[in-house]
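> Please find one structure pasted underneath; my questions will follow.
The values are calculated or read from the model by the stated rules, or taken from the named source; none is laboratory data. Bear in mind the structure is a predicted one, so any value in this text is a computation, not a measurement. Note that each Cβ is placed from the backbone with ideal geometry, even for glycine, and that neighbours are counted across all protein chains shown.
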Amino acid sequence: MSETLKRQAAAMALAEIRSGMRVGLGTGSTARHFVDLLGEKVAQGLDVVCVPTSEATDRQARDLGIVISDLETLDRLDVTVDGADEIDPALNLIKGGGGALLREKIVAASSGAMIVIADSSKLVEALGQFPLPIEVNRFGLGATRRAVAEVVAAHKAQGDLVLRGADRQDPFVTDGGHLILDAFFGRISNPEALSRDLLDIPGVVQHGLFLNMCSKAYVATPDGVKVLQNRN
Ligand code: 5RP
């Protein structure tokens, strides 16, 4: 059911893509549906150049015959289509459940528009039920972790700060070679201030709050796909 809904949202976003566009490709299971459907259109003659947000998406897109470029060659994209872990009523997001938040944010920020595709389980009243991914440099991990713990405590995190993958043999490593700390908030009352405070820590590379970046969301519900617009 959920995969069907994700594919429906992806199909709606696909209608936004026209020949000649430069398109950022997101990461995750919903974005994967979009790349699949885009591959079908490319096989039928749609002429687009794409910048992927992860090695996994890069591989998938190349396998489908989609033309891939990068942000050295193209410094501006028309649109990025990506998934999200949480979407609030103002279309602020938590992303990074798949660990691709840094490239996702760079690509989205280089795009004229960011379109999010999701099923309705991702809609929330306030961000923070999904653990916030915070990407950190490996160097100085202990000191960075302590500084991040202080910031998240000051922002009233209700749960632990967890090094992603620490419960397995090796921690999770991002495509950029960094680590991820997941912060369990429950509810983030001031995302803008939290964003600033996290980015003030030298070892923090990026975090998964995407504030005021998403212009439109296609959210698939059992009753059809809803279109949510950012009015700002
Ligand atoms: C990856 C992401 C994904 O877009 C997010 O985790 C949603 O994934 P899915 O579509 O599989 O639910 O931010 O870093």
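> Mind listing just one residue for me: the one in segment 81-100 that is over 8 Å from the mean Cα position of the chain (by Cα) and free of Cβ contacts under 8 Å to residues at least 60 places away in the same chain and, of those, nearest to the ligand (Cβ to nearest atom)?
Only one residue fits best here, namely 86.
> Looking at (1) within 17 Å of residue 227 (Cβ to Cβ); (2) small (Gly, Ala, Ser); (3) within 13 Å of the ligand (Cβ to nearest atom), find the lone condition where residue 29 falls short.
Checking residue 29 against (1) within 17 Å of residue 227 (Cβ to Cβ); (2) small (Gly, Ala, Ser); (3) within 13 Å of the ligand (Cβ to nearest atom), the one that fails is (1).
> So, one more: For segment 7-25, state whether one or more residues are on the phi > 0 side of the Ramachandran plot and in contact with a strand residue (DSSP E or B) (Cβ under 9 Å, 6 or more places away or on another chain).
The answer is yes; a qualifying residue exists.
> Here's another thing I want to ask about it. Return the total of residues in segment 177-187 being surrounded by fewer than 16 Cβ atoms within 10 Å (Cβ to Cβ) and either under 16 Å from the mean Cα position of the chain (by Cα) or not in a loop (DSSP other than H, G, I, E, B) (or both).
Of the residues in that region, 0 qualify.
> Can you tell which of 72, 150 is without any contact (Cβ under 8 Å) to a residue 24 or more places away in the chain and under 28 Å from residue 21 (Cα atoms)?
Going through 72, 150 in turn, just one is without any contact (Cβ under 8 Å) to a residue 24 or more places away in the chain and under 28 Å from residue 21 (Cα atoms): 72.
> Write out, first by first residue and then by second, each pair whose Cβ atoms fall under 7 Å of each other, whose residues are 6+ apart or on separate chains, and whose first residue, in segment 19-46, is of a type in the set (D, E, K, R) and at pLDDT 95 or above while the second is more than 13 Å from the ligand (Cβ to nearest atom) and outside any helix (DSSP H, G or I).
Pairs found: 22/49; 22/74; 22/77; 22/78.
> Residue under question is residue 56, and the condition is that it be surrounded by fewer than 24 Cβ atoms within 10 Å (Cβ to Cβ), farther than 23 Å from residue 226 by Cβ and near the ligand (Cβ under 10 Å from one of its atoms); does it hold?
Criteria met by residue 56.
> Looking at 176, 142, 165, which is the one that is on the phi > 0 side of the Ramachandran plot and either in contact with a helix residue (DSSP H, G or I) (Cβ under 9 Å, 6 or more places away or on another chain) or at pLDDT 95 or above (or both)?
Testing whether each residue is on the phi > 0 side of the Ramachandran plot and either in contact with a helix residue (DSSP H, G or I) (Cβ under 9 Å, 6 or more places away or on another chain) or at pLDDT 95 or above (or both) leaves just 165.
> Against the conditions (1) more than 22 Å from residue 8 (Cβ to Cβ); (2) near the ligand (Cβ under 10 Å from one of its atoms); (3) assigned to a strand (DSSP E or B), where does residue 118 fall short? Just the number, please.
Only one criterion is unmet by residue 118, namely (1).
> Using beta carbons and a limit of 6 Å, which pairs, at least six apart or on different chains, have the first residue in segment 189-204 and assigned by TED's automatic domain parsing to the domain that holds residue 174 and on the phi < 0 side of the Ramachandran plot and the second one in a helix (DSSP H, G or I) and of a type in the set (Ser, Thr, Tyr)?
Partner pairs satisfying both residue conditions: 203/144.
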